[in-house]
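Working notes, beginning with the structure itself.
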DNA sequence: ATATATATGTTGCATTTGCAACATTTTGCA
DNA sequence: TGCAAAATGTTGCAAATGCAACATATATAT
């Protein structure tokens, strides 16, 4: 079950969703639902499945902006999906809840489960913020090498191991780091040759300190 | 007065700060207070002044990560200021409030002002998220030209005018866009020559559509 | 007012990187 | 199993960009 309803009973959850005028939707793989987001401040919460937000710029570059799984939230305010460039892709059958953000702020229920909901939402938003920060840390590095090393550093810190298991394939990793895939492969090769890392499939071993 | 206490009376505000064990600090220009952040999940709220978070990497690059003014929040979770690379610089005399994030989550006051506080905090965090997204939108562009154009596009949307007034100098703008300053000047010159923009001091006029 | 520091503008050049085009490997599906 | 599609690896080359080294302009302090 999603973090958003942590410590809220099934009964209270239903009441809450009714008050917030929230809608639950299920989408099949490759289905599109961008139109649901045309209105202003909608927040989506992924209950199950996998949804990606991909940016296609006019030059044909594809950038993975968000890779959403259970418990993740998304929306205009949370990710930038306001314009035509952004594509919402349902990677596998997914269930989401849509809530108007204004309803959350203007809602005046004096119930403890509402406060709990707010705490949960804050936690999720904070987590999202941290994710964005991580990516910003990477993208503020100027060279391909430093972007890769920063990524590995973050992953190592996060999982407390010098073995980094890539959560996506190399193509998507290059998109995430905003670098050319072949240039990334090239740099990874140099890093291997210089003994900084070892690669075995999607597992990268970090062989240096600091 | 900061957004964080919107709709909260002075009296309730004092009670709240006491319950959350919040501390108010004032710092003079160029003073440093990084040590206050050594502990884990602290949230800082800027009540007045101007504070910048600057990243210095080992290659000597200086990147402006945050430019904080009244109402802004900062902290480990909000910005990445966990490691030695990050420098907190007080640009002008500033007053801040420091709160342990765990106190916010574990606090169990059943008062309406606490819910109001949570709503305000959520609003601020959401706003921060939007700022991060804007920067990510820029940094996911691959060329200097597209980064500049994306920046101008965002500023135009934000202020609803084709006249963009830079909130910082060109050096800091280059840092924000994570590009070399002279290379940025060069590209701006080309954009001027090609009739896309006109520059007069810190005012850039956008001369194209879309 | 003058000096000093800082910001901005300019340019040649070396390096990095993206791009294209291809080979090879792996994966997914009929 | 076998075939097609996707992912990964490789490399030469052109283009973009960082860097250095300046000149000039502007701001700040004394």
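Every read-out reported here was derived from the displayed coordinates using simple, explicitly stated rules and does not represent laboratory data. Source: prediction; values computed, not measured. We place every Cβ from the backbone using ideal geometry, glycine too, and count neighbours over all the protein chains shown.
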query = Put the label 7 Å from Cα along Cα→Cβ for residue B:87; what are its distances to the other copies, in nanometres, shortest first?
reply = 4.3
ask   = How crowded by other chains is A:173-186, given as the mean number of beta carbons from other chains within 10 Å of each beta carbon?
value = 1
inquiry  = Given R₀ = 22 Å, what would the calculated FRET efficiency be for residue B:186 paired with residue B:161, taking r from the Cβ atoms and rounding to 0.05?
reply    = 0.25
inquiry  = Just to confirm the numbers: residue B:182, label point 7 angstrom along the Cα-Cβ line, distances to the other copies in nm, shortest first?
reply    = 3.0
note = Inter-copy distances for residue B:123, nm, shortest first, label points 7 Å along Cα→Cβ, are 2.5
task = Have a look at B:108, B:146, B:50 and tell me which one the Gaussian network model of chain B (Cα, springs below 10 Å) gives the largest fluctuation.
result = B:108
request  = Take peptide A:130-139, look around each residue's Cβ out to 10 angstrom, count Cβ atoms belonging to other protein chains, and average those counts.
outcome  = 6
ask   = Using a Förster distance of 60 Å, how high is the FRET efficiency between residue A:6 and residue B:193, based on the Cβ-Cβ distance and rounded to 0.05?
value = 0.60
query = For the peptides A:125-137, B:168-180, what is the packing order when you average, over each peptide's residues, the other Cβ atoms within 10 Å and list the highest mean first?
reply = A:125-137, B:168-180
note = Over all viewing directions the Cα convex hull of the range B:144-206 casts an average projected area in nm² of 3.7
Chain A: angle of helix A:112-139 to the longest principal axis, Cα-based, in degrees nearest 10 = 20
request  = For peptide A:115-125, compute the average count of partner chain beta-carbon atoms within 10 Å of each residue's beta-carbon.
outcome  = 4
message = Sorting check: for B:94-107, A:12-25, which peptide has the highest mean count of neighbouring beta carbons within 10 Å, and how do the rest follow?
response = B:94-107, A:12-25
ask   = Relative to the longest principal axis of chain B, what angle (0 to 90°, nearest 10) does the C-alpha long axis of helix B:10-19 take?
value = 80
query = Does the protein assembly as shown come out rounded, prolate or oblate by the C-alpha gyration tensor, with a ≥ b ≥ c the root eigenvalues, rounded set by a/c under 1.5 and, if not, prolate when a/b is larger than b/c and oblate if not?
reply = rounded
query = Is chain B rounded, prolate or oblate when judged by the Cα gyration tensor, a ≥ b ≥ c being the square roots of its eigenvalues, rounded requiring a/c under 1.5 and prolate requiring a/b larger than b/c?
reply = prolate
ask   = Where does helix B:181-193 land angle-wise versus the long Cα axis of chain B, in degrees 0 to 90, nearest 10?
value = 50
